[in-house]
Amino acid sequence: MNDQTPSWVRSEPGKPGLEGVNWGGLKTLYIKEVRRFFKVQMQTVWAPAVTTLLYLIIFTVAMGRSGRLVLGVPFADFIAPGLIVMAMMQNSFANSSFSLLVGKMQGTIVDYLMPPLSTGELIAGLVGASVTRALLVGFAVWVVMTVWPGVHVGITHPLSVIWFGLAGSLMLAFLGLLTSVWADKFDHAAAVSNFVVAPLSLLSGTFYSVEQLSPAFRAISHANPFFYVISGFRHGFLSEADSPIYVGAILLGLINIVLFAICYAVLKAGWKIKN
């Protein structure tokens, strides 16, 4: 402190007074975001579970008859894990792409910028709530599938389920956060969801084994990060995968690190939020 600063001032003007992690603020933001989607849980949790179950019914009826096997297991057992994690990823994106966007449109973005939260804490609160919604949706879908006749979703490799489920949810949460920063209206977020997230999800090997594709399309599938989430998550249930597990695990870890760095840089600079 210089000689002109009053003795009762604990820190110099302009210098942050909070040090370390603001756990209280982070907890408040996280609870706020969780309560926001949980107030409409029929829409945000149970409706996606029902939609995913309809996918399972339609595809097993249309393609799973006559004892069809994929990777040595019944077709219903093959697509069930992919449907679970696909629902998790899509809902993680939906949640994180909403908060900042609606704040910008309603003029309440200051509620996220004014509290004494660092950029990392802001990301942790928003992404944490999105992953929570993804886990709730995934658990709801899994519970329904366990009692559905003709489908077996017993977990054989819990670490694969945990890692790839979290990695996929985090990846889409970061992508949704970037979308909410970039978008100026709901149409922009819907465009990313419809033309990026949905195609990558449906072309990720959820409903088929990529080994059945031609070499060209197989190579395209291996360039899709969603493919590694589906394949690794499926391994947790069936002990079978279309790709090397460790390669997918490391690749998804690197992708999430890069996406976090981009989110941090964008929010730190205040692009389209503070400027």
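The values are calculated or read from the model by the stated rules, or taken from the named source; none is laboratory data. Since the model is a prediction, treat every value here as computed from it, not as a measurement. Because the Cβ atoms are built from the backbone with ideal geometry, glycine has one as well, and the counts that use them run over all protein chains shown.
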Query raised in the report: Could you say whether any residue in the stretch 10-25 is loosely packed, with under 13 Cβ neighbours inside 10 Å, at pLDDT 85 or above, more than 18 Å from the chain's Cα centre (by Cα) and over 19 Å from Pro149 (Cα atoms)?
Result: yes
Query raised in the report: Restricting attention to the stretch 188-216, and to residues there that are modelled with pLDDT under 90 and part of a helix (DSSP H, G or I), which single residue is surrounded by the most Cβ atoms within 10 Å (Cβ to Cβ)?
Result: Val210
Query - the stretch 32-84, residues that are of a type in the set (Lys, Arg) and assigned to a helix (DSSP H, G or I) - result: Lys32, Arg35, Arg36
Query raised in the report: Considering the stretch 74-128 alone, what residues qualify as being of a type in the set (A, V, I, L, M, F, W, C), touching an Asp or Glu at 6+ places or on another chain (Cβ under 9 Å) and surrounded by fewer than 18 Cβ atoms within 10 Å (Cβ to Cβ)?
Result: Met105
Query raised in the report: Do we find a residue being out of contact with any Phe, Trp or Tyr (no Cβ under 7 Å at 6 or more places or on another chain), of a type outside the set (Val, Ile, Thr), farther than 24 Å from Ser97 by Cβ and outside any helix (DSSP H, G or I) anywhere in the stretch 113-135?
Result: yes
Query raised in the report: Can you find even one residue in the stretch 86-99 that is modelled with pLDDT under 90, assigned to a helix (DSSP H, G or I) and in contact with a Gly (Cβ under 6 Å, 6 or more places away or on another chain)?
Result: no
Query raised in the report: Which condition does Trp142 not pass, out of (1) in a loop (DSSP other than H, G, I, E, B); (2) modelled with pLDDT of 90 or more, if it passes all the others?
Result: (1)
